[in-house]
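The values are calculated or read from the model by the stated rules, or taken from the named source; none is laboratory data. Keep in mind that what you see is a predicted model, and the values were worked out from it rather than measured. Here Cβ is always computed from backbone atoms with ideal geometry, including for glycine, and neighbour counts include all displayed protein chains. These accessible areas exclude ligands, DNA and RNA; they are computed on the full protein's heavy atoms, side chains included. Shrake-Rupley method; radii C 1.70, N 1.55, O 1.52, S 1.80 Å.
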Amino acid sequence: LNTFAPGARGSLLPGRRCRRSPATHPLPTPATPAMPSPEPMDPALERSFRGHKDGVSSVSFSPTMKQLVSGGLDGTVMVWNFKMQMRAFRFVGHKAAVTSVDFAPSGSLIASGSRDQTIRLWAANVKGESVSIRAHTAPVNSVAFSGDGQQLVTTSDDKSVKAWSIPTQRFKHSFSGHTNWVRDAAFSPDGRMLLSSADDKTVRLWDARSRACSHTFFDHSDNVGCCAFSPEGNCVASGSADRSIKLWDLRTLQLLQHYDAHGDEVHRIAFHPSGSFLLSASADCTLKLWDLCEGRLFYTIHGHEASANGCAFSPAGDFFATAASDRHVMVWRTNFDRLLPAEHKGLALDADPPAVAALPPQLPPQPPQLPPPREPPASSLASSS
């Protein structure tokens, strides 16, 4: 078991600060002249979006890299277009704060969860048509699609984890066992397992078919607000109000790494598609990038002026997005991933997306089964820099 404490210093980016761990880039000794080396570059701020009227809770990239979706405490869902000539769209429908958003692997649907106890499935276009589903008996805390886009998992303050069929837009079953509010859940990459985290200080691993809890991790000492599978599916991670991040090996069910990560609770974590890095967002207003291979802090990013609530990597890992209570959504160029294998490289934000054949299988667009909401249709607005 390795324990790592934060502490990073380094160069500053114009306007936004990104600090590099000194252990990551040691200075050359006086006897050795400094030579050019293929060291990674610092993450750099690429875009900053502002359109929410309150804090931003969650972000998710479209699989084609054409759009980014965010959910806000103002009760709206914003879809940001990466092409400069296209404006963003505000989707109105929820009656309370939006706590979580996720793009479907097909790119045609967006799921959102809200404190109004509902989930909504939105068409990812300017019309913003949606279906509202009364999902829980208490506020919804998270929504997440399965890797094939056929299912959606939701969590709630009603202590339940629920799975939904996307083609039929109907409830499938619940996973029961948590004894307090459930904060987050995710499907494994192959869809065979489910992971959930809750205010009962546990992280639970479920069999997606039998709905049985196969293992419970009790290592945290406070509420566990977020959890995630590694891209390979052989490791899981969680972030907690105890300010730590923990990783477990699913083959042995043993704790692999423990990081004393932040100065306040950890709100969100995201694996880089390579599986070599983990990004964390915290109430201490910082984002931190962890080198999982070396077991150390890689970068500390001071980009937001209030609690950092959400973070997500782009499908190729060449960008990541962050969301915070300062009402900003920021998109950063990763840069440090330029030494990774070519299959983890991605496109520029304004580049054309890959061919449809290269994307995951698409679901046919699902027309709303309920009457359209009474709220006015999506409006076209954006503020970007």
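Brief remarks follow.
- Any hit, the stretch 249-258, residues being of a type in the set (A, V, I, L, M, F, W, C), at pLDDT 95 or above and within 26 Å of S57 (Cβ to Cβ): no
One line per residue, one yes/no per condition, for (1) of a type in the set (V, I, T); (2) part of a strand (DSSP E or B):
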residue	(1), (2)
G177	no, no
R183	no, yes
T216	yes, yes
D222	no, no
W248	no, yes
R251	no, no
H258	no, yes
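- Looking only at the stretch 276-316, and only at residues there that are in a loop (DSSP other than H, G, I, E, B) and under 22 Å from P231 (Cβ atoms), the one that is farthest from the chain's Cα centre (by Cα): E294
- Tally of residues being over 15 Å from H178 (Cα atoms) and more than 20 Å from the chain's Cα centre (by Cα) across the stretch 220-241: 1
- Out of A198, A208, sole residue that is buried (at least 24 other Cβ atoms within 10 Å of the Cβ), closer than 20 Å to N141 by Cα and not hydroxyl-bearing (S, T, Y): A198
- One residue stands out among those in the stretch 94-107 that are of a type outside the set (A, V, I, L, M, F, W, C) and in contact (Cβ under 8 Å) with a residue 24 or more places away in the chain: the one that is surrounded by the most Cβ atoms within 10 Å (Cβ to Cβ), which is H94.
- Total residues in the stretch 258-289, condition hydroxyl-bearing (S, T, Y), in contact with a Pro (Cβ under 8 Å, 6 or more places away or on another chain) and within 16 Å of A241 (Cα to Cα): 1
- Every listed requirement among (1) modelled with pLDDT of 95 or more; (2) over 18 Å from M330 (Cβ atoms); (3) open to solvent by 30 Å² or more (accessible area, probe 1.4 Å) is met by I110 save one, (3).
- Any hit, the stretch 159-169, residues being without any contact (Cβ under 8 Å) to a residue 40 or more places away in the chain and of a type in the set (A, V, I, L, M): no
- Here is the figure for the stretch 65-93: residues that are open to solvent by 20 Å² or more (accessible area, probe 1.4 Å) and either over 15 Å from A321 (Cα atoms) or outside any loop (DSSP other than H, G, I, E, B) (or both) total 11.
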